[in-house]
Amino acid sequence: MKTRHIQLREHQHQLARCHRCPDMQGPPIIGTAVLSPIMLIGQAPGSKEIHLHRPFAWTAGKTLFSWFAGIGLEEERFRSRVYMAAVCRCYPGKQPRGGDRVPAPEEIANCSNWLETELTLLRPQLIIPVGRLAISRFLAFRKLTEVIGDLHQHQVQGRSTDLLPLPHPSGASTWHRTEPGRSLLAQALQRLATHPAWRKVCAEKFEPKATG
């Protein structure tokens with residue numbers, strides 16, 4: 001019987017060859033194949049990520065990883081200990097009037113089975129959805145103030161899983177830098193710092209299987 005780690009690596013090899021969405025710009029961006037109790041789920045990679053071949057590899061990533069470094073896990077340790085996924089794995093391209101295009105519903109649907117497979121293989125104790133698109137994959141809400149700052153329990157494939165939503169760290173957004181967003185972000189990070197899954201991946205003795 002194949003181990004979960006081998007299955008995860010094989011899954012990523014298949015994902016890397018995906019060409020389902022003609023309007024998306026690849027290649028698909030994939031994080032480290034780490035068996036982690038935590039999944040971070042972003043929205044979609046930006047234009048820089050498809051050249052650097054890493055999720056959250058540019059300006060927004062610097063902000064995101066500064067948040068995590070402040071509660072005990074700097075960037076490279078985070079990348080090696082937390083599984084990083086996204087709602088869509090390819091870059092959607094630019095809007096005609098500037099800014100990144102929001103993936104179409106059919107593109108989100110095309111990519112959903114990759115995420116579902118990862119949820120099945122990893123069985124995460126904690127999911128960190130980052131940004132409105134990722135959060136809406138699990139929770140119904142109108143405003144970010146309704147979901148940021150709290151720990152939510154959600155049924156994921158029949159299992160009760162903790163969700164801790166975070167705002168998108170985009171430099172174009174002021175939400176996380178102004179009130180009430182700034183205080184709600186601080187509250188969310190405080191909850192994250194004390195979560196058992198976070199404390200587990202921060203521990204020096206935590207040695208997840210990882211590759212690439």
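The values are calculated or read from the model by the stated rules, or taken from the named source; none is laboratory data. As the structure is a computational prediction, the values presented were derived from the model and not from experiment. Glycine gets a Cβ as well: all are built from the backbone with ideal geometry, and neighbour counts include every protein chain shown. The protein model used for the area step is the full one, side chains on, heavy atoms only, and it has no ligands, DNA or RNA in it. Shrake-Rupley method; radii C 1.70, N 1.55, O 1.52, S 1.80 Å.
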About its Cα centre, how strong a charge dipole does the range 131-171 have in debye, to the nearest 20, once Lys and Arg get +1 and Asp and Glu get -1 at the Cβ? 160
Rounded to the nearest 5, what % of the DSSP beta bridges within the chain are antiparallel ones? 40
Gap in Å between the Cα centre of the range 94-127 and the Cα centre of the range 137-204? 18
Counting only Cα, what are the radius of gyration and maximum Cα-Cα distance Dmax of the range 47-111, in Å? 13.8, 40
Leaving out ligands, DNA and RNA, and with a 1.4 Å probe, what % of the accessible surface on the chain is carbon or sulfur? 52
For the chain, the dipole about the Cα centre with charges only on Cβ (Lys and Arg +1, Asp and Glu -1), to the nearest 20 debye, works out at 140
Difference of contour (0.36 nm per residue) and Cα-Cα distance, Lys48 to Cys202: 52.6 nm
Per the Kirkwood formula over distinct C-alpha pairs, the hydrodynamic radius of the range 111-212 in angstrom is 14.9
Calculate the spin-label point distance for Asn113 paired with His154, positioning each point 7 Å from the Cα along the beta-carbon direction, and give it in nanometres. 2.2
Among the lysines, which fall within straight-line cross-link reach of Lys200, defined as a Cα-Cα distance under 17 Å, with same-chain neighbours fewer than 8 residues apart omitted? Lys209
Kindly report the accessible area of the chain per residue (heavy atoms of protein chains, probe 1.4 Å, no ligands, DNA or RNA), in Å². 50
For the chain, what does the alpha-carbon gyration tensor say about shape, rounded, prolate or oblate, given a ≥ b ≥ c as the root eigenvalues, a/c under 1.5 as rounded, and a/b over b/c as prolate? rounded
So the FRET efficiency between Thr178 and Gln25, C-beta based with R0 = 45 Å and rounded to 0.05, is 0.90
Net length gained if the chain between Leu139 and Ser66 were fully extended (0.36 nm per residue, minus Cα distance): 23.7 nm
Normalised per residue, the volume inside the convex hull of the alpha-carbon atoms of the range 1-116 in Å³ amounts to 109
